[in-house]
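Input: a single structure, listed below in structure tokens.
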Amino acid sequence: MSDDIFPQQQKVRHAELISPPNRLKEKVGSGGIDENVLQKAQELLERNTINFDPIANMLLDLLVEAIADAKSGALKGEDALGAMIYPAMQLKAQGTMFHYPLVSDISHILVNFLETVEDLNRDVLDIVVAHKMAIKAVLASQLKGDGGKTGKELREALMEACGRYYRSKKPQ
Amino acid sequence: MPLCSFFIHKVIMTYQFKHMTVLLVESTRAMADLTKSILMTFGVTDIHTAFSMKEGFEKFRALEPDLVIIDWLQEPDNGLELTRRIRSDKQSPNPFTPIILMTGYSQIKRVLMARDSGITEFLVKPFTARALYQRIEQIIEMPRYFVVSDKYFGPDRRRKRDSNYAGTDRRADRQPEPYSSPERIKATLSAAEKAREILRKHTQDSSKET
């Protein structure tokens, strides 16, 4: 293969490949696990009775604190965004696991929004607050499952709010 | 072995997860409990939990688990930093340990950050029992080579090999930022040396057994 196909790409380091001992395979052997075990594990996951409220409230408190710090200027730029993204990500991760997929959906929209905004301003914070209020409302009304028509409208409204923000930032 | 016994053995043979040790580093107890109960359903009995990077690394050193499952964790704790310590810290007992990062992040930039820190598998939360099992199965049946270079030490980050690739050196196209400091390079090289030692020891042990 010719070396001058990508002349700008300089060889910067030597890489060595090694094959480490597969300790796990040595211990557990072969054969996989029974399909029934997987089904049982999934049922256990779906039927867990862990109360999501205290977890969600703790994460919402973190989000509220991050919003307040961003508003007051105590946190700026990436630090402020990071402080808001973390609880939103955890709400997304855990909502569905504890029977609140709508909380996961709303948080997913928020995480995607915060991961793509270029600067932190009043408009961004208003959108974050809207998501926070929506999550609070879902929890307060114990809206488990996907939330039906209400859930659909909520998701669409929040996505539209994010869309409006992006459109306002688009160069004319 | 009689033929019928052979077939019965083949039919009932499954992974003996009771022989493995798992360390679970989670940010919330509820999530840790849930993951633990799924692993127990799979047959894993030796499961340890930690709730911070510091506690996670201490338990990793003490237990030398066969598998580590890590959450992204909240700053200043950081699941990626814990991964780097497991791979590069002089006190790490086994830098080859498979690591599954379970996180709510799914954006590509986060996946790349996690990959460059040295994780073995990435699992997006919320997850299913099957998805978790598939990551474990992948680690058991298709273990990755480890790459040792002056900038990176960890599982080979390339899942697919592109036969149409026309460049001169596939590895030269990116330089993961976390490994760019002199301290990081030094730590990486020391981890690589340690990895070679473990490998040498393992080879010697295996030859003694045979």
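Residue count for the stretch B:59-88 under the criterion of being more than 11 Å from every other protein chain (Cβ to nearest Cβ), touching a residue at least 24 places away in the same chain (Cβ under 8 Å) and farther than 13 Å from B:SER117 by Cβ: the result is 5. Here B:GLN138 meets the list (1) more than 10 Å from chain A (Cβ to nearest Cβ); (2) out of contact with any Leu (no Cβ under 6 Å at 6 or more places or on another chain); (3) free of Cβ contacts under 8 Å to residues at least 24 places away in the same chain; (4) surrounded by 16 or more Cβ atoms within 10 Å (Cβ to Cβ) almost entirely, failing just condition (4).
Only residues that are farther than 26 Å from A:ALA66 by Cβ and surrounded by 14 or more Cβ atoms within 10 Å (Cβ to Cβ): list them for the stretch A:147-158, please.
A:THR150
What do you reckon, is B:ALA129 facing chain A (nearest Cβ under 7 Å), within 24 Å of A:THR96 (Cβ to Cβ) and surrounded by 18 or more Cβ atoms within 10 Å (Cβ to Cβ)? Considered against the rule, which asks whether it is facing chain A (nearest Cβ under 7 Å), within 24 Å of A:THR96 (Cβ to Cβ) and surrounded by 18 or more Cβ atoms within 10 Å (Cβ to Cβ), B:ALA129 comes out as yes. Restricting to the stretch B:95-124, and then to whatever is more than 17 Å from B:VAL22 (Cβ to Cβ) and in a loop (DSSP other than H, G, I, E, B), can you tell me which residue is farthest from the chain's Cα centre (by Cα)? Ranking the candidates gives B:GLN107 first.
Among the residues in the stretch B:1-11, are any of a type in the set (A, V, I, L, M, F, W, C) and at pLDDT 95 or above? Scanning the stretch B:1-11, I find no residue that is of a type in the set (A, V, I, L, M, F, W, C) and at pLDDT 95 or above, so the answer is no. For the stretch B:156-170, the criterion of being touching a helix residue (DSSP H, G or I) at 6+ places or on another chain (Cβ under 8 Å), at pLDDT below 65 and within 12 Å of chain A (Cβ to nearest Cβ) is met by at least one residue.
Residues are listed down the side, and each one gets a yes or a no for (1) crowded, with 22+ Cβ neighbours inside 10 Å; (2) at pLDDT 95 or above; (3) not β-branched (Val, Ile, Thr):
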{"site": "B:THR41", "(1), (2), (3)": "no, yes, no"}
{"site": "B:GLN91", "(1), (2), (3)": "no, no, yes"}
{"site": "B:ASN94", "(1), (2), (3)": "no, no, yes"}
{"site": "B:ILE108", "(1), (2), (3)": "no, no, no"}
{"site": "B:LEU123", "(1), (2), (3)": "no, yes, yes"}
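B:ALA129 fulfils the conditions (1) modelled with pLDDT of 95 or more; (2) within 15 Å of the chain's Cα centre (by Cα) except for a single criterion, (2). When A:LYS136 is tested against (1) over 16 Å from A:ASN57 (Cα atoms); (2) surrounded by 14 or more Cβ atoms within 10 Å (Cβ to Cβ); (3) charged (D, E, K, R), exactly one condition is not met: (1). Applying the condition of being farther than 15 Å from B:THR103 by Cα and within 17 Å of the chain's Cα centre (by Cα) to the stretch B:12-35 and asking which residue is surrounded by the fewest Cβ atoms within 10 Å (Cβ to Cβ) yields B:THR21.
The values are calculated or read from the model by the stated rules, or taken from the named source; none is laboratory data. Values in this document were obtained by computation on a predicted structure and should not be read as measured data. Glycine also receives a Cβ, built like all others from the backbone with ideal geometry; neighbour counts cover every protein chain displayed.
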